[in-house]
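Structure, as structure tokens:
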Amino acid sequence: RNFLFLRKLATPATTCAEAYASRLEAVEVRRRADEEVTFKALAEKLAGVSCSLPRKASPDEKLFGSVSAGDIAASLAAQGFAIDRKQVILPEPLKALGVYTVPVKLSAEHQASVKVWIVREPG
């Protein structure tokens, strides 16, 4: 009496069960191939994207506040990209005016870089 069989966590290795497992594996391979194409296309689109974030700054170009991953994700969402703030890799918030290259992690294998321009807010 097997512990896994009693709790319906496993099934005996019959020919039907093996065929079912191979069909599930084939579906998973197709799904991953589709995701690969989707993420590759999204990475190519994001490579040419830049976002400009106007912020108030002191005369020595330090920001009154900071730019976080959420701000960058919101700017990308305004441009039509569905990027979550957790996908934007920012070790610490940006606190000065300038141009930054920020990596965006799309999946475990795919990553894109986005240019972020932090400019002085007029007025």
Checklist line | Answer from A43, A108 - the residue that is open to solvent by less than 40 Å² (accessible area, probe 1.4 Å) and either at pLDDT below 95 or out of contact with any strand residue (DSSP E or B) (no Cβ under 6 Å at 6 or more places or on another chain) (or both) | finding: A43
Item checked: Test set (1) closer than 16 Å to R120 by Cβ; (2) in contact with a strand residue (DSSP E or B) (Cβ under 6 Å, 6 or more places away or on another chain); (3) not hydrophobic (A, V, I, L, M, F, W, C) - S58 fails condition number -> (2)
Next item on the list: List every residue pair whose Cβ atoms lie under 6 Å apart, where the two residues are 6 or more positions apart in sequence or sit on different chains, the first residue falls within segment 31-59 and is under 21 Å from L94 (Cβ atoms) and among the hydroxyl-bearing types (S, T, Y), and the second residue, located anywhere, is open to solvent by 40 Å² or more (accessible area, probe 1.4 Å) and outside any helix (DSSP H, G or I).
Entry: S50/K115; S52/W117; S52/V119
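Kindly provide the set of residues from segment 89-119 that are free of Cβ contacts under 8 Å to residues at least 24 places away in the same chain, among the β-branched types (V, I, T) and part of a strand (DSSP E or B), ordered by number. Before you say what the answer is, go through the steps one by one.
Step one: of segment 89-119, the residues free of Cβ contacts under 8 Å to residues at least 24 places away in the same chain are 89-92, 99-101, 103, 105, 108.
Retained after the next criterion (residues that are among the β-branched types (V, I, T)): 89, 99, 101.
Hits for segment 89-119 are V99, T101.
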Margin query: Quick check on this structure: which one of S52, S75 is farther than 30 Å from N2 by Cβ, surrounded by 14 or more Cβ atoms within 10 Å (Cβ to Cβ) and among the polar types (S, T, N, Q)?
Written below: S75
Margin query: Condition (residue is surrounded by 10 or more Cβ atoms within 10 Å (Cβ to Cβ) and touching a Pro at 6+ places or on another chain (Cβ under 8 Å)) applied to segment 19-32: is it met by at least one residue?
Written below: no
Notebook entry, point to check: Does any residue of segment 55-67 turn out to be touching a helix residue (DSSP H, G or I) at 6+ places or on another chain (Cβ under 6 Å) and either open to solvent by less than 90 Å² (accessible area, probe 1.4 Å) or in a strand (DSSP E or B) (or both)?
Noted result: no
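The values are calculated or read from the model by the stated rules, or taken from the named source; none is laboratory data. What you see is a predicted model, and the numbers here were worked out from it, not measured in a lab. Positions of Cβ are backbone-derived with ideal geometry, glycine not excepted, and every protein chain shown enters the neighbour counts. The protein model used for the area step is the full one, side chains on, heavy atoms only, and it has no ligands, DNA or RNA in it. Shrake-Rupley method; radii C 1.70, N 1.55, O 1.52, S 1.80 Å.
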